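Bear in mind that the values in this text are calculations on the coordinates, not laboratory data. Here the structure is a predicted model, which is why all the values come from computation and not from measurement. Cβ placement follows ideal geometry from the backbone for every residue including glycine, while neighbour counts extend to all protein chains displayed.
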Amino acid sequence: MASRIPVCAPVFTGKERTYVLEAVDSGWISSAGEFIAKFEASFGKLCGVRHVEACANGTVALHLLLHGIGIGAGDEVIVPSETFAASGNAVVYTGATPVFCEIDPRTWCLDVADALRRVTPNTKAIMGVDLFGMVADYAELRAGLAAMGRSDVKLIEDAAEAAGSRVEGKFAGSLADAAIFSFFGNKTLTTGEGGAITTDDVALGARLKFLKNHGMDQKRRYYHPELGFNYRMTNLQAAVGCAQVEAATDLFARKKRVNARYREKLAGIPGIRFAEVPKNQDVVPWLHAIVDDHLAGEDARDALLVRMLEHGVETRPFFVPMHLFPYLAKTPVAGLGALPVTETIAAKGICLPSGGGLTDEEIDRSIAALLQCREK
Ligand SMILES: Cc1ncc(COP(=O)(O)O)c(C=O)c1O
């Protein structure tokens, strides 16, 4: 049988090995060392932002950011329910309440009107999630908040999945008040585990650096004026990251090439649809995601994915919407039926093999498996 096609393997075509060995040989393997500052500078240049704070992973980056902008108990943060659990969990870590909102049925990113409807006097932030590399509409959110006289509400961009995507030429990570990225092993740019916060707010950046380093006073060692965290990236991670940023143009192009082939070959197949890319976006897709409207629901989708695996094709279902998680049952928007658009899309969503290293033959085999397994 032909080899199994992985759902999203990393691509290393640059200097990853060289830089990691340099880091090891230098003896700087923890959170000091030259690759960290280099990675922050090069990733900041790529995104077009003034400050980057490299972190241990995307989840802690999000927690650090929310904590750093002062979100805590009694506050509400509006988040689309269709996202990876870390988006909502980071809100819970701060003691604030996540208020889940709908996604737009065309883009699968946050539904701006629905998000704005959920703003209350307790709302401190709206977190857009750039799902699968599509970018949420931060300009509309900002305009909507201004029209409501609520420009005090912070805009956060969870760009964990959107490295390289652009809106009117501006990169994901530069579109809200601050953003986070994940560099997990399956992401478009990876450091193994890893994350970052990007922002143009230099004062916020300095505060995040302080909080990330245990909240230690920079002038008086081992004096901690405030509760802090150890959320630092290591020099080893940053070494891999430097190589990935250097190769970013190629890594982004690979993702786009794979996506274009899926879109071309699946165009016109009844029931199958892709997210609609708004005209002002240039998307670097992270996972190549489809919704199959011919599926009856989640059970039928999951059975289809099992059959595809039997054909040697790994896939992923869409994220289970967060408002359906038992530990979030007491949040304001919770339980089956609360967000019908989200629930329908999530139940019928499939992520096809997505690595930038896929060959045309592997993409075509994945498509053939999908089409054949749908027949059954
Ligand atoms: C939308 C989103 N937010 C946050 C995260 C968390 O990132 P990490 O896995 O690096 O902690 C992820 C990771 O997959 C994600 O997809």
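Quick rundown of the values:
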| item | result |
| --- | --- |
| Equivalent ellipsoid dimensions for the chain as semi-axes, Å, which come from the Cα gyration tensor, largest first | 33, 27, 17 |
| Overall dimensions of the range 306-354 as given by Cα atoms, namely Rg and Dmax in Å | 13.8, 42 |
| Residue exposure sequence - 210, 252, 35 - by fewest surrounding Cβ within 10 Å | 210, 252, 35 |
| For residue 333, residues with placed amide H under 5 Å, excluding near neighbours | 100 |
| Relative packing of peptides 159-170, 262-273 - highest average C-beta neighbours within 10 Å first | 159-170, 262-273 |
| Separation of the residue 21 and residue 300 label points, Cα + 7 Å toward Cβ, nm | 5.4 nm |
| Least to most buried among 216, 134, 148 (fewest other Cβ within 10 Å first) | 148, 216, 134 |
| The chain: most fluctuating residue of 187, 212, 15 per GNM, C-alpha cutoff 10 Å | 15 |
| Residues 311, 294, 67, sorted so that the one with the fewest Cβ neighbours within 10 Å comes first | 294, 311, 67 |
| Label point 7 Å beyond Cα of residue 206 along Cβ direction - residues of the range 35-63 with amide nitrogen under 18 Å | 50-54 |
| Local electrostatic count at residue 182 - Lys and Arg +1, Asp and Glu -1, tallied over other residues with Cβ under 13 Å | -4 |
| Relative contact order of the range 248-375, pairs being alpha-carbon contacts under 8 Å that are 6 or more residues apart, as % | 32 percent |
| Quarter of the Cα convex hull surface for the range 248-375, i.e. its orientation-mean projected area (nm²) | 9.5 nm² |
| Residues of type aspartates and glutamates that residue 38 reaches as a straight line, Cα spacing below 16 Å, ignoring anything fewer than 8 places off in the same chain | 16, 22, 53, 246 |
| Among the listed pairs 45/256; 187/348; 255/348; 45/170, those beyond 18 Å (Cα-Cα) | 45/256; 187/348; 255/348 |
| Extension gain (nm, one decimal) between residue 34 and residue 329, 0.36 nm per residue minus Cα-Cα | 101.7 nm |
| Most to least packed among 85-93, 357-365 [average Cβ atoms within 10 Å] | 85-93, 357-365 |
| The range 324-376, Cα convex hull volume normalised per residue, Å³ | 129 Å³ |
